[in-house]
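The values are calculated or read from the model by the stated rules, or taken from the named source; none is laboratory data. In this text the structure is predicted, and so the values were computed from the model without any measurement. Note that each Cβ is placed from the backbone with ideal geometry, even for glycine, and that neighbours are counted across all protein chains shown.
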Amino acid sequence: MIIAIDGPTASGKGTVAAGVARHFGLKRLDTGALYRAVGLAVLDAAGDPADERAAVAAAEALDLAAIDERRIRSSAVGLAASKVASISAVRSALLKAQRSFAADPAGAVLDGRDIATIICPDADVKLFVTASLDARTQRRLAELRNRGEAIEFEQLKAQIAERDERDINRAEAPLRQAQGAFLLDTSNLSVEQSVAAAIAIIEQARGG
Ligand code: C5P
(Lines give C-alpha, C1' and ligand atoms only; values in the text may rest on other atoms or scores of the structure.)
Protein backbone atom coordinates (compact mmCIF):
# COMPACT_ATOMS: atom_id res chain seq x y z
CA MET A 1 0.00 0.00 0.00
CA ILE A 2 1.37 3.40 -0.97
CA ILE A 3 -0.03 6.44 0.79
CA ALA A 4 0.75 9.85 -0.70
CA ILE A 5 0.35 12.88 1.54
CA ASP A 6 0.78 16.45 0.30
CA GLY A 7 0.14 19.83 1.80
CA PRO A 8 1.61 23.23 2.60
CA THR A 9 4.16 23.90 5.29
CA ALA A 10 3.07 23.27 8.90
CA SER A 11 -0.29 21.89 7.77
CA GLY A 12 0.21 18.84 9.96
CA LYS A 13 1.07 16.57 7.03
CA GLY A 14 4.30 15.36 8.66
CA THR A 15 2.54 14.46 11.89
CA VAL A 16 -0.26 12.79 9.97
CA ALA A 17 2.26 10.88 7.80
CA ALA A 18 4.16 9.65 10.86
CA GLY A 19 0.95 8.59 12.64
CA VAL A 20 -0.45 6.84 9.58
CA ALA A 21 2.85 5.02 8.97
CA ARG A 22 2.89 3.82 12.58
CA HIS A 23 -0.73 2.70 12.43
CA PHE A 24 -0.37 0.69 9.22
CA GLY A 25 3.18 -0.53 9.97
CA LEU A 26 4.66 1.20 6.90
CA LYS A 27 7.93 3.05 6.51
CA ARG A 28 7.79 6.76 5.84
CA LEU A 29 9.77 9.26 3.80
CA ASP A 30 9.55 12.96 4.66
CA THR A 31 10.52 14.31 1.25
CA GLY A 32 10.71 17.90 2.54
CA ALA A 33 13.78 16.77 4.51
CA LEU A 34 15.57 16.09 1.21
CA TYR A 35 14.98 19.63 -0.05
CA ARG A 36 15.89 21.03 3.36
CA ALA A 37 19.14 19.04 3.38
CA VAL A 38 20.01 20.39 -0.07
CA GLY A 39 19.22 23.95 1.11
CA LEU A 40 21.36 23.45 4.21
CA ALA A 41 24.29 22.09 2.20
CA VAL A 42 24.22 25.16 -0.05
CA LEU A 43 24.04 27.52 2.94
CA ASP A 44 26.87 25.65 4.68
CA ALA A 45 29.03 26.15 1.61
CA ALA A 46 28.20 29.89 1.74
CA GLY A 47 26.31 29.50 -1.54
CA ASP A 48 23.04 30.99 -2.78
CA PRO A 49 20.09 28.54 -2.71
CA ALA A 50 18.72 30.18 -5.86
CA ASP A 51 21.95 29.41 -7.73
CA GLU A 52 21.16 26.41 -9.93
CA ARG A 53 24.71 25.08 -10.17
CA ALA A 54 25.29 25.11 -6.42
CA ALA A 55 21.88 23.60 -5.66
CA VAL A 56 22.13 20.82 -8.23
CA ALA A 57 25.63 19.87 -7.04
CA ALA A 58 24.30 19.64 -3.47
CA ALA A 59 21.31 17.55 -4.60
CA GLU A 60 23.53 15.14 -6.53
CA ALA A 61 25.85 14.75 -3.55
CA LEU A 62 23.01 14.26 -1.04
CA ASP A 63 23.44 11.31 1.32
CA LEU A 64 20.06 10.41 2.81
CA ALA A 65 21.70 8.63 5.72
CA ALA A 66 23.70 11.72 6.68
CA ILE A 67 20.86 14.26 6.97
CA ASP A 68 21.19 16.37 10.13
CA GLU A 69 17.59 16.11 11.43
CA ARG A 70 18.00 18.98 13.84
CA ARG A 71 19.78 21.54 11.68
CA ILE A 72 17.41 21.13 8.71
CA ARG A 73 14.44 22.29 10.83
CA SER A 74 15.41 25.97 11.19
CA SER A 75 13.29 28.63 9.46
CA ALA A 76 16.32 29.80 7.43
CA VAL A 77 16.80 26.29 6.05
CA GLY A 78 13.06 26.07 5.29
CA LEU A 79 13.31 29.18 3.13
CA ALA A 80 16.45 27.88 1.40
CA ALA A 81 14.64 24.57 0.78
CA SER A 82 11.76 26.28 -0.98
CA LYS A 83 14.27 28.07 -3.24
CA VAL A 84 16.23 24.97 -4.25
CA ALA A 85 12.92 23.13 -4.69
CA SER A 86 11.84 25.50 -7.45
CA ILE A 87 14.83 24.47 -9.58
CA SER A 88 13.80 21.76 -12.01
CA ALA A 89 17.22 20.02 -12.12
CA VAL A 90 17.23 19.76 -8.32
CA ARG A 91 13.84 18.03 -8.41
CA SER A 92 15.09 15.60 -11.09
CA ALA A 93 18.17 14.80 -9.02
CA LEU A 94 15.95 13.86 -6.05
CA LEU A 95 13.31 11.96 -8.03
CA LYS A 96 15.03 8.57 -8.16
CA ALA A 97 15.60 8.27 -4.41
CA GLN A 98 11.91 9.04 -3.77
CA ARG A 99 10.62 6.63 -6.40
CA SER A 100 12.82 3.79 -5.19
CA PHE A 101 11.65 4.37 -1.61
CA ALA A 102 8.05 4.11 -2.84
CA ALA A 103 8.83 0.97 -4.86
CA ASP A 104 9.37 -1.16 -1.75
CA PRO A 105 6.93 -4.09 -2.01
CA ALA A 106 6.13 -3.68 1.69
CA GLY A 107 4.52 -0.32 0.86
CA ALA A 108 5.30 3.17 2.12
CA VAL A 109 4.01 6.54 3.23
CA LEU A 110 5.55 9.57 1.52
CA ASP A 111 4.76 13.16 2.35
CA GLY A 112 5.65 16.37 0.55
CA ARG A 113 4.26 18.70 -2.10
CA ASP A 114 4.18 16.62 -5.28
CA ILE A 115 3.83 13.05 -4.03
CA ALA A 116 0.34 12.37 -5.39
CA THR A 117 0.86 14.46 -8.52
CA ILE A 118 4.39 13.46 -9.65
CA ILE A 119 6.29 11.03 -7.42
CA CYS A 120 3.53 8.43 -6.86
CA PRO A 121 0.58 9.27 -9.14
CA ASP A 122 -0.62 5.66 -8.75
CA ALA A 123 -0.65 5.76 -4.94
CA ASP A 124 -3.42 3.69 -3.33
CA VAL A 125 -4.64 6.58 -1.20
CA LYS A 126 -3.91 10.30 -1.67
CA LEU A 127 -4.41 12.87 1.05
CA PHE A 128 -4.14 16.65 0.83
CA VAL A 129 -3.60 17.99 4.33
CA THR A 130 -4.12 21.69 4.91
CA ALA A 131 -4.89 24.27 7.61
CA SER A 132 -5.43 28.02 7.79
CA LEU A 133 -2.38 30.31 7.55
CA ASP A 134 -2.91 31.44 11.15
CA ALA A 135 -3.13 27.88 12.48
CA ARG A 136 -0.02 26.88 10.56
CA THR A 137 1.90 29.93 11.77
CA GLN A 138 0.90 29.21 15.37
CA ARG A 139 2.15 25.62 15.12
CA ARG A 140 5.42 26.51 13.46
CA LEU A 141 5.94 29.29 16.02
CA ALA A 142 5.62 26.79 18.88
CA GLU A 143 8.05 24.43 17.10
CA LEU A 144 10.64 27.13 16.50
CA ARG A 145 10.33 28.53 20.03
CA ASN A 146 10.91 25.01 21.32
CA ARG A 147 14.14 25.02 19.36
CA GLY A 148 15.07 28.33 20.97
CA GLU A 149 14.56 30.33 17.77
CA ALA A 150 13.23 33.82 18.51
CA ILE A 151 10.74 34.95 15.87
CA GLU A 152 7.55 37.00 15.97
CA PHE A 153 4.16 35.74 14.79
CA GLU A 154 3.74 38.32 12.01
CA GLN A 155 7.27 37.81 10.68
CA LEU A 156 6.82 34.04 10.62
CA LYS A 157 3.39 34.35 9.01
CA ALA A 158 4.93 36.45 6.22
CA GLN A 159 7.69 33.84 5.74
CA ILE A 160 5.17 31.00 5.52
CA ALA A 161 3.03 32.98 3.08
CA GLU A 162 6.13 33.58 0.96
CA ARG A 163 6.89 29.86 0.90
CA ASP A 164 3.26 29.03 0.05
CA GLU A 165 3.40 31.51 -2.79
CA ARG A 166 6.61 29.98 -4.15
CA ASP A 167 5.37 26.38 -3.76
CA ILE A 168 1.98 27.06 -5.37
CA ASN A 169 3.14 29.23 -8.24
CA ARG A 170 6.35 27.57 -9.36
CA ALA A 171 6.40 26.13 -12.86
CA GLU A 172 7.84 22.79 -11.78
CA ALA A 173 5.69 20.48 -9.61
CA PRO A 174 3.50 23.19 -8.05
CA LEU A 175 1.71 22.39 -4.81
CA ARG A 176 -1.88 21.42 -5.54
CA GLN A 177 -4.49 18.91 -4.50
CA ALA A 178 -4.16 15.96 -6.86
CA GLN A 179 -7.13 14.52 -8.64
CA GLY A 180 -8.67 11.90 -6.38
CA ALA A 181 -6.93 13.22 -3.26
CA PHE A 182 -8.99 13.49 -0.07
CA LEU A 183 -8.91 16.88 1.65
CA LEU A 184 -8.13 16.97 5.36
CA ASP A 185 -8.29 20.39 7.05
CA THR A 186 -6.52 20.21 10.41
CA SER A 187 -7.11 23.86 11.47
CA ASN A 188 -9.37 22.87 14.34
CA LEU A 189 -8.01 19.39 15.02
CA SER A 190 -5.50 18.20 17.62
CA VAL A 191 -2.63 15.94 16.57
CA GLU A 192 -4.57 12.85 17.69
CA GLN A 193 -7.74 13.98 15.90
CA SER A 194 -5.79 14.71 12.69
CA VAL A 195 -4.15 11.27 12.67
CA ALA A 196 -7.45 9.55 13.50
CA ALA A 197 -9.21 11.44 10.69
CA ALA A 198 -6.51 10.43 8.21
CA ILE A 199 -6.70 6.78 9.28
CA ALA A 200 -10.50 6.84 8.89
CA ILE A 201 -10.19 8.31 5.37
CA ILE A 202 -7.60 5.69 4.38
CA GLU A 203 -9.61 2.80 5.79
CA GLN A 204 -12.73 3.99 4.07
CA ALA A 205 -10.92 4.49 0.76
CA ARG A 206 -9.40 1.02 0.97
CA GLY A 207 -12.55 -0.69 2.15
CA GLY A 208 -15.00 1.10 -0.07
O1 C5P B 1 7.68 20.16 4.08
P2 C5P B 1 8.82 21.06 4.37
O3 C5P B 1 8.41 22.39 4.92
O4 C5P B 1 9.88 20.42 5.19
O5 C5P B 1 9.47 21.34 2.93
C6 C5P B 1 10.47 22.30 2.74
C7 C5P B 1 10.39 22.84 1.31
O8 C5P B 1 10.74 21.80 0.40
C9 C5P B 1 9.00 23.30 0.87
O10 C5P B 1 8.79 24.67 1.06
C11 C5P B 1 8.94 22.97 -0.59
O12 C5P B 1 9.36 24.06 -1.36
C13 C5P B 1 9.96 21.88 -0.77
N14 C5P B 1 9.37 20.58 -1.06
C15 C5P B 1 9.02 20.29 -2.36
N16 C5P B 1 8.56 19.06 -2.70
C17 C5P B 1 8.40 18.12 -1.77
C18 C5P B 1 8.71 18.39 -0.41
C19 C5P B 1 9.19 19.65 -0.09
O20 C5P B 1 9.14 21.15 -3.23
N21 C5P B 1 7.97 16.92 -2.14
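Restricting attention to helices (runs of 4 or more DSSP H) lying wholly within the range 34-104, give those where 1 or more residues are closer than 19 Å to Pro174 by Cα and polar (S, T, N, Q).
75-84, 88-102
Please verify whether Ile202 is within 17 Å of the chain's Cα centre (by Cα), β-branched (Val, Ile, Thr) and crowded, with 19+ Cβ neighbours inside 10 Å, treating the condition exactly as stated.
no
Working carefully through the options Leu175, Leu127, find the one that is within 25 Å of Lys96 (Cβ to Cβ), in contact with a Pro (Cβ under 8 Å, 6 or more places away or on another chain) and buried (at least 19 other Cβ atoms within 10 Å of the Cβ).
Exactly one of Leu175, Leu127 is within 25 Å of Lys96 (Cβ to Cβ), in contact with a Pro (Cβ under 8 Å, 6 or more places away or on another chain) and buried (at least 19 other Cβ atoms within 10 Å of the Cβ), namely Leu175.
Checking Val109 against (1) touching a Lys or Arg at 6+ places or on another chain (Cβ under 8 Å); (2) farther than 24 Å from Ala198 by Cα, only one condition comes out false. Which one?
Status for Val109: all satisfied but (2).
Hey, can you tell me all the residues within the range 17-36 that are more than 10 Å from the ligand (Cβ to nearest atom) and in contact with a helix residue (DSSP H, G or I) (Cβ under 6 Å, 6 or more places away or on another chain)?
Selection gives Gly19, Val20, His23, Arg28.
Only one of (1) at pLDDT below 95; (2) touching a strand residue (DSSP E or B) at 6+ places or on another chain (Cβ under 9 Å) fails for Asn146. Which number is that?
The one condition Asn146 does not meet is (2).
Please pick out the residue among Arg91, Arg71, Arg113 that is basic (Lys, Arg) and surrounded by fewer than 20 Cβ atoms within 10 Å (Cβ to Cβ).
Arg71
Taking the range 152-172 as the region of interest, how many residues are surrounded by fewer than 14 Cβ atoms within 10 Å (Cβ to Cβ) and over 30 Å from Pro121 (Cβ atoms)?
Residues in the range 152-172 being surrounded by fewer than 14 Cβ atoms within 10 Å (Cβ to Cβ) and over 30 Å from Pro121 (Cβ atoms): 5 in total.
With respect to Arg71, determine if the residue is without any contact (Cβ under 8 Å) to a residue 24 or more places away in the chain and under 17 Å from the mean Cα position of the chain (by Cα).
The answer is no for Arg71.
Take Ser11 and decide whether it is in contact (Cβ under 8 Å) with a residue 24 or more places away in the chain, not in a helix (DSSP H, G or I) and not aromatic (Phe, Trp, Tyr).
Spelling it out, Ser11 is indeed in contact (Cβ under 8 Å) with a residue 24 or more places away in the chain, not in a helix (DSSP H, G or I) and not aromatic (Phe, Trp, Tyr).
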